[in-house]
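These notes are about the structure you will find just below.
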Amino acid sequence: MTKSEQRSTALEARRSLTAEERAAFSAEIRRRLSVMLYKWRGKTLLSYLAQPDEPDLEGLGGFVTAYPVSYPDGLMEAYIPAGEDAFGK
């Protein structure tokens, strides 16, 4: 199976999940990320804003979540929403 076919298969599988299944998988992913970040003593996570068929990482408690912002010239920055402290203090 080619990489493109694998992506299509994964996308189809994600889109076939019910809202309840997606919420349960998202919660488990957040739980596992929290454990890993705690073990690594991490305070900040560079993440993404989920599309409707993607795992939702919003609300990963106790950690600052930054989001990538891409510019046309190829530069990328990490955006931290107002009120968040990049150093997790």
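A few remarks follow.
- Applying the condition of being touching a residue at least 24 places away in the same chain (Cβ under 8 Å) and of a type outside the set (A, V, I, L, M, F, W, C) to the range 1-19 and asking which residue is surrounded by the fewest Cβ atoms within 10 Å (Cβ to Cβ) yields Arg15.
- Summed over the range 20-54, the residues that are of a type in the set (Gly, Ala, Ser) and either under 10 Å from the mean Cα position of the chain (by Cα) or open to solvent by 70 Å² or more (accessible area, probe 1.4 Å) (or both) give a count of 3.
- Count of the range 55-69 residues which are assigned to a loop (DSSP other than H, G, I, E, B) and either of a type in the set (Val, Ile, Thr) or open to solvent by 60 Å² or more (accessible area, probe 1.4 Å) (or both): 4
- Pairs meeting the criteria (first residue in the range 32-46 and closer than 15 Å to Glu58 by Cα, second residue of a type in the set (S, T, N, Q) and open to solvent by less than 60 Å² (accessible area, probe 1.4 Å), beta carbons under 6 Å, at least 6 apart or on different chains) are Leu45/Thr65.
The values are calculated or read from the model by the stated rules, or taken from the named source; none is laboratory data. These numbers come from a predicted model, not from an experiment. Please note: Cβ atoms are built from the backbone with ideal geometry, for glycine as well, and neighbour counts cover all protein chains shown. Quick note on the areas: whole protein, heavy atoms, side chains included, nothing else; ligands and nucleic acids left out. Shrake-Rupley method; radii C 1.70, N 1.55, O 1.52, S 1.80 Å.
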